1. Go through (1) of a type outside the set (A, V, I, L, M, F, W, C); (2) assigned to a helix (DSSP H, G or I); (3) over 15 Å from D219 (Cα atoms) one by one and return the number of the condition D105 breaks.
2. Y347 - would you say it is among the aromatic types (F, W, Y) and either within 30 Å of N388 (Cα to Cα) or touching a strand residue (DSSP E or B) at 6+ places or on another chain (Cβ under 8 Å) (or both)?
3. What is the residue count in the range 172-196 for residues that are surrounded by fewer than 19 Cβ atoms within 10 Å (Cβ to Cβ), modelled with pLDDT under 95 and not in a helix (DSSP H, G or I)?
4. If we scan the range 159-169, do we find a residue that is in the same structural domain as K57 (by TED's automatic domain parsing), assigned to a loop (DSSP other than H, G, I, E, B) and under 15 Å from C48 (Cα atoms)?
5. Is it true that D93 is of a type in the set (D, E) and either buried (at least 22 other Cβ atoms within 10 Å of the Cβ) or at positive phi (or both)?
6. In the range 248-265, is there at least one residue being surrounded by fewer than 18 Cβ atoms within 10 Å (Cβ to Cβ), closer than 27 Å to L96 by Cα and at pLDDT 85 or above?
7. Identify all residues within the range 199-215 that are acidic (D, E) and either closer than 22 Å to R297 by Cα or outside any helix (DSSP H, G or I) (or both); write none if there are none.
Amino acid sequence: MSKKFAKFAASEGNPKYPKLIERKDRLYSRPDDPRSQFARDYNRILHCTAYRRLRHKTQVFFATQNDHVCTRMEHVNYVTAIGHTISKAFGLDTELTRAIAIGHDIGHAPFGHEGEKILNSIARAKIREQFWHEKNSLQFADNLETLADPENKERNLALTYGVRDGIICHCGEIDQGTIFPRNEPIDLTTISKPAEYQPFTWEGCVVKIADKIAFLGRDIEDVFTLGFLTRHDFVSESAETVPELPSLFSGTIKTELENISNTAIIHSFILDLLNSSSPETGLQFSQSYLDLVNALRIVSDRLIYNHPRLQHFKSLAKLVLRSVFDELSSYYEGNNTLRRLQDLERYAPKLHEAFEDWVIKYTNTNQRERKSRCYYNRIVYDMNKRRNYHEAILDFISGMTDSFALSVFDQLIQFR
């Protein structure tokens, strides 16, 4: 496969490169470090706690007990692998692609996109802003996630601009046809809505498409694994939902979709993307594959994402997340909030201990305690402002796993 994008790779010689390796905060150096700037970012995200928690966060099916159903971490690993394959074939920088891919969902809410909708509803009411996971992933990358430095002091990740840009700009469906990177750098913190800007690099554009390829077949496989639908039901109901769907199948892809082999579907879509894209035409699928993507999305919306069995979980997710937010919100007493949390620690201890640590780590209410816990990261919230306190709660909840959210809710409804 011709490396037809090689001259646009995010490497030295690219006019964008100095901006791409720029860091928001100074990062300590390591002597004789063999890694590139982007490889360092990949490792920093790999070792942060937000990435670890993805293994217990929903992709589509909430808090599943089936070990073979896709979690958010598995999805992220799919995106990383797919992005690496595409970037390598195109001659792009695979290390930048992998760093963006592994970090793109670190700000995803518990309970998947339903949790995101719930937190967005709360955010609109309480702080008059939108909550969306791409922006929240940048918030975690810039302000919330920390790693210990060589002196064991917790400090912010200090990722490069290229990785941060790819994280917040990974939103956007591939039904838009063709993707080109934007030409100018921007202040990423001023982005106000999903899909407002395309990524700054071709590598970021690759992750954007890899994100969509990753779930095309896997979500359908999970429906069969959980017994929501049989293969026969899926084929017959798909034909009813999108009558033109069978005519979109041809040759190998027909066999793959009828058998729903996720790996084969991924392979076919990657090959079509590689053959259909160029620096002149942008990243794109052929028209037949683009039509197939759009048809599969319609089918998935009806048969998977809005399946009646998921409605009960959606109701539970709303009850859990709103209850936790309301509970923590009721404790607000300005700079005395920390003391109140400590006084109530025996009641729902798991929730109070975790949020108490959050307040210590990200506010200036107890500098001595921050230092004793080796927290040298950026102060994020002003506890004298109720709005900032609500932001702290929203960020705290967004970092929860499904299982942690359910366990703290369980403590809230138990009376001791």
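The values are calculated or read from the model by the stated rules, or taken from the named source; none is laboratory data. What you see is a predicted model; the values in this text were computed from it and never measured. Because the Cβ atoms are built from the backbone with ideal geometry, glycine has one as well, and the counts that use them run over all protein chains shown.
1. All conditions pass for D105, except number (2).
2. On the way: among the aromatic types (F, W, Y): yes; either within 30 Å of N388 (Cα to Cα) or touching a strand residue (DSSP E or B) at 6+ places or on another chain (Cβ under 8 Å) (or both): yes.
Taking the combined requirement at face value, the residue satisfies it.
3. Let us first name the residues in the range 172-196 that are surrounded by fewer than 19 Cβ atoms within 10 Å (Cβ to Cβ), namely 173, 175-178, 180, 182-187, 189-190, 192-196.
If we keep only those that are modelled with pLDDT under 95 too, we end up with 173, 175-178, 192-196.
Then drop every residue that is not not in a helix (DSSP H, G or I), which leaves 173, 177-178, 192-196.
Total satisfying the criteria: 8.
4. From the range 159-169, those in the same structural domain as K57 (by TED's automatic domain parsing) are 159-169; that's our starting set.
Add one more test, that the residue is assigned to a loop (DSSP other than H, G, I, E, B), and what stays is 159, 169.
Then drop every residue that is not under 15 Å from C48 (Cα atoms), which leaves 159.
Among the residues of the range 159-169, at least one is in the same structural domain as K57 (by TED's automatic domain parsing), assigned to a loop (DSSP other than H, G, I, E, B) and under 15 Å from C48 (Cα atoms), which makes the answer yes.
5. Values: of a type in the set (D, E): yes; either buried (at least 22 other Cβ atoms within 10 Å of the Cβ) or at positive phi (or both): yes.
The answer is yes for D93.
6. No: zero hits.
7. Let us first name the residues in the range 199-215 that are acidic (D, E), namely 203, 211.
Once the filter is applied, which keeps residues that are acidic (D, E) and either closer than 22 Å to R297 by Cα or outside any helix (DSSP H, G or I) (or both), the range 199-215 yields only D211.
Condition check ((1) of a type in the set (A, V, I, L, M, F, W, C); (2) in a helix (DSSP H, G or I); (3) in contact with a strand residue (DSSP E or B) (Cβ under 6 Å, 6 or more places away or on another chain)) across all residues:
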| site | (1), (2), (3) |
| --- | --- |
| R302 | no, yes, no |
| R309 | no, yes, no |
| F313 | yes, yes, no |
| L316 | yes, yes, no |
| R322 | no, yes, no |
| E327 | no, yes, no |
| Y331 | no, no, no |
| L338 | yes, yes, no |
| Q342 | no, yes, no |
